[in-house]
Amino acid sequence: MSEVFDIFLLESVLNGLLLGGLLALLSLGLNLIFGVIDVVWICYAELIMVGMYAVYYFHVVFGWPLLLAMLMGILIVAMAGAALHYFVIRPVLAAEPINQLLVTGGVLFFLQAAATLAFGIEFKNLGVTFPPIVVGDISFSMPRLIAFVTALAGMLGMYLFLTRTYIGTAIRAISQDRTIMPLMGVNPNRIFLVTSALGGGLAGLGACLLVLQYDIHPAIGLSFGPITFLICVLGGLGNMVGGFIAAFIFAQFISVGGFFFAIEWGYVIAFLFFIGMMFWRPQGLFTK
Amino acid sequence: MSDAAGNAMLRVEDVSAGYDGFQALFGVSLEVNAGESVAVIGPNGAGKTTLLRAISKLIGVTGGDIAMEGRSLKSVPAHEVIGYGIAQVPENRRLFPRLTVAENLKMGGFLPSARARHDERLAYVYSLFPRMKERSGQLAGTLSGGEQQMCAIGRALMSGPKLLLLDEPSAGLAPVVVQSIFEMVKRICAEGYTVLIVEQNIRQVLKVVDRAYLLETGRIKQSGPSAQLLASDEIRKAYLGI
C-alpha cells in the first residue's frame with residue numbers, strides 16, 4: 001500500500017471516530033427512554049428535526065446569537081419530550097408494546113407533516129461555515145470535531161447526573177424495579193416525566209450538533225432515525241454502555257467502508273453487518 | 001387490645017382489599033402501639049402480604065380505613081406514605097440489583113427530609129450492620145441472601161421511620177441465615193422502632209414479638225400476646241405441628 005493510501009485510511013478511521021461520538025449521543029437518549037420507561041420513541045429523530053428548525057428560526061430568522069438559539073433549541077425539545085410522555089406515552093403505558101410503537105410511529109408522521117406545513121419542503125441551513133482543520137496531510141471538518149467533543153461532554157454530564165444525584169439514581173433504580181419505587185417515596189410518574197425531558201434534551205443537543213453539518217428539511221429525521229435505532233438494538237436496547245460501543249463500531253463501518261468503496265457503500269456494509277448480527281446475537285452485542 | 005383509647009400508632013379498621021376480581025382481605029382490624037413489635041402470622045395465601053401492601057397503599061383499599069398517628073391514609077398516594085413515618089421492607093427484599101449497596105441505601109432516604117440527614121442515617125445503618133459498610137461499593141445483586149436482607153432493612157431505616165413493616169424477612173433464606181434474621185429483627189425492636197412483621201415462620205417470630213394476630217383466608221382469627229398464642233392449642237396443632 002502506498003503512503004497516501006495509508007493517510008487517507010487513517011483519515012477515515014479518525015472521521016469514523018468523530019461520527020461515532022455523535023451517533024453515540026443520538027443513541028443515548030433513545031436508550032435512556034427505553035431503559036427507564038420501556039417504550040421506544042420511534043419518533044426520536046423527528047424530535048431532533050424539531051430541534052434543528054428551532055435553532056434555525058431563533059438564529060437565522062429571529063437573529064439570536066447561535067449559542068443562545070441552541071440553548072433554546074435544547075429547551076424546546078426537552079419540553080417536547082416531556083409533552084410526548086405526558087400526552088402520548090402515559091395513556092398507553094400499560095398497553096401492548098406494539099401499540100406503544102405504533103402510537104410513537106404516528107407521532108413521527110405527524111411531526112413530519114406538521115413540519116412540512118409549517119416550514120415548507122425547501123432545504124434550510126444556518127449559513128455558518130467553518131474552515132477545515134488541517135493537521136499534516138490529514139484534514140478534519142470543524143463541525144464534526146465540535147460535535148464529537150460536545151457529544152462526549154454531554155454523555156459525561158449525563159453519566160454524572162445518573163450516578164451522583166438522587167433523581168439520577170432513582171432513574172436507574174426505576175429501570176430495575178418499577179413497582180417498589182413508591183416505597184422509597186418516589187413518584188414513578190414524576191421520574192418518567194423527568195426522564196422524558198432528559199431524553200428530549202439529548203435529542204435537542206444532537207439537533208444543535210447536526211444543524212452545523214446538515215441542511216434542515218422535514219424528512220431529515222429519516223436519514224439518522226433508523227441508524228440511531230439500529231445502534232441501540234445492536235448494543236442491546238436500553239443498554240447505554242452497549243449503545244455507546246455499538247455507535248463507534250457502526251461509525252467505523254460507515255467511514256472505513258465508505259473509504260474502500262464509496263460513501264453509499266459504507267451504509268450498505270454497516271446495515272449488512274447489522275442484519276448479520278441480528279442472526280448471530282438478536283438480543284444485542286452487549287446483553288448478557 | 002381494647003387498651004387503646006385512640007392512641008395506637010397504626011390503626012387498621014375493618015379493611016377490605018384485593019386484586020382485580022379477587023378479594024384477599026375481609027374486614028381486617030388491628031392496632032400497633034408505639035414501641036410495640038407485632039406480628040401477623042398465618043399460612044401462605046392468608047393475605048398477609050396484601051395487608052402490608054394495603055397499609056403502604058401499593059394496592060387500593062376497597063373498604064375500611066388505615067390511620068397512622070390518627071391521620072387517615074385514605075386519600076394518600078403510595079409514594080407519600082413514607083412521609084408519615086412508615087417504611088416497608090418488601091417481600092423478597094426487592095433490592096435494586098444493579099445499584100451498589102450505598103446507592104440502595106441512598107434510595108431509601110430519597111425524601112427531601114431524609115436527604116438532609118443522609119450522612120447521619122448512613123452512619124447509623126452502618127453501625128447497625130457493619131457488613132454493609134464493608135460491602136458499600138458492591139452491587140446489591142451480588143450479596144448473599146442474609147446480606148440482602150440487611151441491606152433491605154437498612155434501606156428502610158434510611159428514611160428515619162417510626163413504623164417499620166417487614167414482609168416475610170425469613171422467606172427464601174437458608175435455615176442457618178433465618179436464625180440471624182430474627183436476631184436482626186430483635187435488634188431493630190430494641191432500637192426503639194415500632195415493628196409490624198408478617199411471617200410464615202410462626203414459631204420463630206413469636207419468640208421475637210410482643211403480640212401477634214393470626215390471619216386466615218383474609219380474616220383475623222385470633223390475637224393476643226405471643227406467649228398466649230404459642231400456648232394456644234389451635235396454633236400448636238395447625239401451625240407448630242405439636
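What follows draws every value from the coordinates through simple rules; no lab data is involved. Since the structure is predicted, the reported quantities are computational estimates derived from the model, not experimental observations. Reconstructed Cβ throughout: ideal geometry from the backbone, glycine too, with neighbour counts over all protein chains shown.
General observations
- Computed about the Cα centre, the dipole magnitude for the range A:153-288 is approximately 480 debye when only Lys and Arg (+1) and Asp and Glu (-1) carry charge, each at its Cβ.
- Translational diffusion of the range B:1-110, estimated by Stokes-Einstein from the Kirkwood radius over alpha carbon pairs at 4 °C in a medium of 1.567 mPa s, is 85 µm² per second.
- Divided by 2.2 N^0.38 Å, where N counts the residues, the Cα radius of gyration of the protein assembly as shown comes to 1.20.
- Lys, Arg +1 and Asp, Glu -1 on Cβ, resulting dipole of the protein assembly as shown about Cα centre, debye, nearest 20: 1060
- With Cα atoms as the point set, the radius of gyration and Dmax of the range A:11-87 evaluate to 14.7, 46 Å.
- Positive-end extreme of charge dipole, chain B - chosen from B:T194, B:A8, B:L122 (charges on Cβ): B:L122
- Remark on B:S29: its backbone amide H falls under 5 Å from those of B:D14, B:V15, B:I220, a criterion applied only to residues 5 or more positions apart or on other chains, H modelled at 1.01 Å from N.
- Helix runs (DSSP H) in chain A reaching 20 Å along axis by Cα, Kyte-Doolittle at least -0.5: A:3-37, A:66-83, A:97-119, A:142-164, A:188-210, A:221-235, A:240-260, A:263-280
- The largest-to-smallest principal axis extents of the Cα set in chain A are 65, 49, 35 Å.
- Residue (of A:L222, A:G168, A:G199) at the positive-pole extreme of the range A:134-235, dipole from beta-carbon charges: A:G168
- Measuring against 31 Å, Cα to Cα, the residue pairs B:K133/B:K221; B:K106/B:K221; B:K133/B:K186; B:K48/B:K237; B:K57/B:K237 contain B:K133/B:K221; B:K106/B:K221; B:K57/B:K237 as the ones spanning a longer distance.
- Listed by chain and number, the aspartates and glutamates whose C-alpha is less than 20 Å from the C-alpha of B:K207, apart from same-chain residues fewer than 8 away, are B:E31, B:E36, B:D167, B:E168, B:E183, B:E191, B:E199, B:D233, B:E234.
- Residue list for the range A:43-80, given a label point 7 angstrom along the Cα-to-Cβ vector of A:T165 and an amide N cut-off under 15 Å: A:75, A:78-79
- Per the Cα gyration tensor, chain B maps to an equivalent ellipsoid with semi-axes of 28, 21, 17 Å, ordered largest to smallest.
- Value of Rg to Rh for the range B:114-154, rounded to two decimals, is 0.98; Kirkwood radius and Rg both from alpha-carbon coordinates.
- Percentage relative contact order, the range A:196-267, counting C-alpha pairs under 8 Å, at least six apart: 14
- When you work out D = kT/(6 pi eta Rh) for the range B:61-131 at 25 °C and 0.890 mPa s, using the Kirkwood radius from C-alpha pairs as Rh and the Stokes-Einstein form, the result is 172 µm²/s.
- Computed P(r) (all Cα pairs; the range A:72-217; 10 Å bins; percent): 10, 28, 31, 20, 9, 2, 0
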